[in-house]
Structures are given as structure tokens and as C-alpha cells.
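A quick write-up on the structure given underneath.
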Amino acid sequence: MLAGLLFAQQDADDRPGQLTATLPFGGVTIIEYQARLLIAAGAAQLVVVVGRLTPELLGALGRISKRGIAVDAVRSAVEASAKFHPLARIVMLADGLITTQEVIDRFAEEGSDALLVVPDATAPTRYERLGGSTAWAGVARLDARRIADVAALPQDYDLQSTALRLADQGRAAHVPLAEAMLRDGHGIEHSSAALAVRGKAVLAATVADRRNWFNAIVLAPLARALVPRLIERRAGTTGIALGGAGLGVVGAALTLGGMTRGGLIVALVGCLLMGLGRTLAILRDEAALVRAQTIGIAAVPALATLALGLTLGMAQGQAVGLVGALAILYLGGLGERAIQRSRRRPWWGGPPAYLLLQAGSTLIGTPLSGVALTVAYAASTLAAAVEALRRHA
């Protein structure tokens, strides 16, 4: 069982009286952002160590609990230990930590105690010092017995510091903080101004999704440029989603009407708009809109592909184009199901990537070749995903 241990005890440097954990970050609060990372990694329980329960913190904890996960606020190691299952694997995050899903996923894996560390000489003052000239970089994987060991000590022992030292003395593995993690925005902050700067790097890393080349190469640059502005202007996620879906339908209709070049481009723009909306919904923790736009990003390329196949079939008086389009839908659908159950490889395709390939081929006047290439790409992706599943079976 995976559980998360969070802290909401320190006040923000530039906002007296407000907890760092309740500072805004990415459309939510820091503690909600941390909880989202842990839930995505598979955590079934969250324990939050609090100094005081402010209205902002109570609101944040209430919103986290609506995600269907057990959330408990505690004030001591004794209370925390009582909440955790004795066999739980705990991922502990520092108060004010900002990081990426990739970092959390690594520590959520099975294994013994592990601490994310940096050299003491280069560590910021907020990083807690450990032995061996190292400092803790804010993420740890702990056995539940560590929390029980702290609970057995006098109550004035700090839970976070003591758990770290017990794990370090127990030969916990030291995982060096990679340079790439720093570039992606990893750090511990206690001021709203510093969070605004760090948030841009985290946003870029979140959108880039190195496991998906379309997101990394096509969507990420747009998101880095536009999403911060959308957040500042409080743009509605629903409006963006509806706009993207509308463009997708219009693009498919234009394609079916014979305007294949313009239609496919409009459909692709609709997909990109829903991609931006999905990113915004993820940052704002709008789960329903994330799901809706995820479906839309798959449905629009399917509609456009079918429209292209019908148009090519009518223009040529034969069913080659339509058969190719149906093959893309069939292979692509099976591939997406297989990808969801395996670890995605960066070169694998997906609905927006297939649409991009068809749109590019149509623009240069070879739509039928684009359909054939997309069929081959979807088949290769499906074969690779199935092979990955077989190896991990």
C-alpha cells in the first residue's frame, strides 16, 4: 500500500499568517499539487502533519478528499503512526516542495528507504542537512516503521527531521538530484514570488511529457507560451474545451465536404486547443474536464480520419481510402488500449500524431500516401505496445 506524508506547518516568507502549503500554485494550492502527484503515483492515503488548521488549509484538504482518497490531518508522530498501515510504503514530501510527476513516480516504486539528496555545499538554506556532506532535497521513501520509531520518542522530536535521520542511520539509499530535475523546477520554496518563477519550469516539464513526442515537440511550446497567460486572465477551461471540440467537428465537416487541406488543419487546431485546455484542467484539478478533453483529443482525429477516408473514396470511386481510414481507427484504438496498460515509449503514436501525419501529407498533395503511412505507424505502435505488455506479463 502506497501512502503519502505531507507537511503544512511553516508560514510563507512574504505572506505573514498564511501557511506555505496554501500558497497558490498552478491554479490550486501547493498541498493540493503535492497530493495530486501522489495520487497519480498510486497513493491510497494521505496524512498531513499540521501546525494549525487555517480556513485555507481546511478548504484544500476538503478538495483533496473529494478525489476519493483518505486524508487525515495530524499534529504528532503518534497520531501519524496510528493512521498508517504497518506495511505501508510512505512517500514523504517536504513542506513547500515543488517537483514533477517523474520524480514522485520514481520514489513510489517498490524498494527500501531512499532519500533524494544534493551536495551540502550547493544546497539552498531551506534544505535539511544530513550526514555525509549531503542535504535532503524534499522527497523520501520510508517504511511505516520509521514513523512508528519516531512516535516512540519524546513528543518534542520533530517528525520530519527525526524520520530522515533514522532512515539515514538505517542506510537508506541516497538518490542524487539530477540536473534535469532542477531544470524541470524541482525545489523547496516558501514565498509566492519564487513559486511564480518555479511554476513556469514545472509547467514546461508537465506539458512536455517526454513519453509522448507529439506533446513534447508540438503541444509543449504552445502551452509554455499560452497557459500562463490563460491562468493570469482566469480563462474558463470549459470554454476552451468547447472551442476545441467545435473546431474539431467543423474540421471534420469541411474534410467530408471535400476541403481536405483546410478541414484537417482546422481539426488539428481543435486538438491542440483541447490539449491546452486539458493542461489547464490538470493544473486546476478539474478531473471531469480532463477526462472530457482526453476523450475529445481522441475523438476528433477519429472523425477527421473517417471523413478523409470517405472523401478519398468518393473522389476515386473506390474504397481504398475508406478501408485505410477504418484500419487506422481499428489499429489506433487497439494501440491506445495497449498503451494504457504499458509504459509508453517516446516514438509511439497516438490520435493527434496520426492526424498530424495525415494533415501534412494532404497539404503536399499526397493524402492517400498519408493514410497508408498512418496505417503503418499505428500498426507499429500496436505491435510495440503488445510486445511491451508481453514482456511485463
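The values are calculated or read from the model by the stated rules, or taken from the named source; none is laboratory data. Nothing here was measured: the structure is a model prediction, and the numbers come from that model. All Cβ positions, glycine included, derive from the backbone under ideal geometry; neighbour counts span all protein chains shown. For accessibility, only protein heavy atoms count, side chains too; no ligands or nucleic acids. Shrake-Rupley method; radii C 1.70, N 1.55, O 1.52, S 1.80 Å.
Assorted remarks:
- The mean sequence distance of close C-alpha pairs (under 8 Å, at least 6 residues apart), as a share of the length of the chain, puts its relative contact order at 13 percent.
- Normalising by residue count, the chain has a Cα convex hull of 139 Å³ per residue.
- Rounded D (µm²/s) - region 239-360, Kirkwood Rh over Cα pairs, Stokes-Einstein at 25 °C, 0.890 mPa s: 167 µm²/s
- Amide H contacts under 5 Å for L19: A12, restricted to partners 5 or more places along the chain or on a different chain, H placed in the peptide plane at 1.01 Å from N.
- When only alpha carbons are used to place a centre, region 97-160 and region 291-332 end up 50 Å from one another.
- Projected onto planes of every orientation and averaged, the convex hull of the alpha-carbon atoms in region 58-114 covers 5.2 nm².
- Among beta bridges that DSSP assigns inside region 1-62, antiparallel share in %, nearest 5: 35 percent
- Here the Karplus relation 6.51 cos²θ - 1.76 cosθ + 1.60, evaluated at θ = phi - 60°, turns the backbone of region 243-250 into coupling constants of x, x, 5, x, 4, x, 5, 4 Hz, with x for every Gly and Pro.
- Choice from I98, I31, I295 showing the highest fluctuation, given a GNM over the chain with Cα pairs closer than 10 Å: I295
- Beta bridges by DSSP in the chain, antiparallel share as percent, to the nearest 5: 45 percent
- Convex hull per residue volume in Å³, alpha carbons only, for region 212-259: 104 Å³
- Integer Hz, Karplus 6.51/-1.76/1.60 couplings in order for region 359-367, x for Gly and Pro: 5, x, 5, 5, 4, 8, x, 10, x
- Taking a Cβ cut-off of under 12 Å around T29, the surrounding Lys, Arg, Asp and Glu residues balance to a net charge of 0, with basic ones at +1 and acidic ones at -1.
- Summarising the amide proton neighbourhood of V74: residues at separation of 5 or more, or on other chains, whose placed amide H is nearer than 5 Å comprise V48, V49, V50.
- Karplus-derived 3J(HN,Hα) values for region 344-354, using 6.51 cos²θ - 1.76 cosθ + 1.60 with θ = phi - 60°, are 5, 9, x, 7, 4, x, x, x, x, 5, 5 Hz; glycine and proline are entered as x.
- Debye intensity ratio in log₁₀ form over the Cα atoms of region 324-393, taken at each q of 0.28 Å⁻¹: -1.18
- Sequence-distant residues sharing a close amide H with A137 (under 5 Å, placed H): L116, V117, V118
- On the basis of the beta-carbon distance and an R0 of 45 Å, D120 and A287 show a calculated FRET efficiency of 0.65.
- Rolling a 1.4 Å probe over the protein heavy atoms of region 251-393, with every protein chain left in place, gives an accessible area that is 68 percent carbon and sulfur.
- Accessible area of the chain divided out per residue, in Å², using a probe of 1.4 angstrom: 46 Å²
- Here's the picture: charge each Lys and Arg Cβ at +1 and each Asp and Glu Cβ at -1 in the chain, and of G365, M181, G248 the one pushed furthest to the positive end of that dipole is G365.
- Per-q log10 I(q)/I(0), region 127-172, q = 0.22, 0.25 Å⁻¹ (Debye; single scatterer per alpha-carbon; no solvent): -0.75, -0.95
- All Cα pairs of region 1-139, percent lying beyond 28 Å: 15 percent
- Percent of Cα pairs exceeding the 27 Å cut-off, where the set is region 134-275: 50 percent
- Model label zone, D105; criterion: amide N under 19 Å from point 7 Å along Cα-to-beta-carbon; scope region 212-246: 212-221
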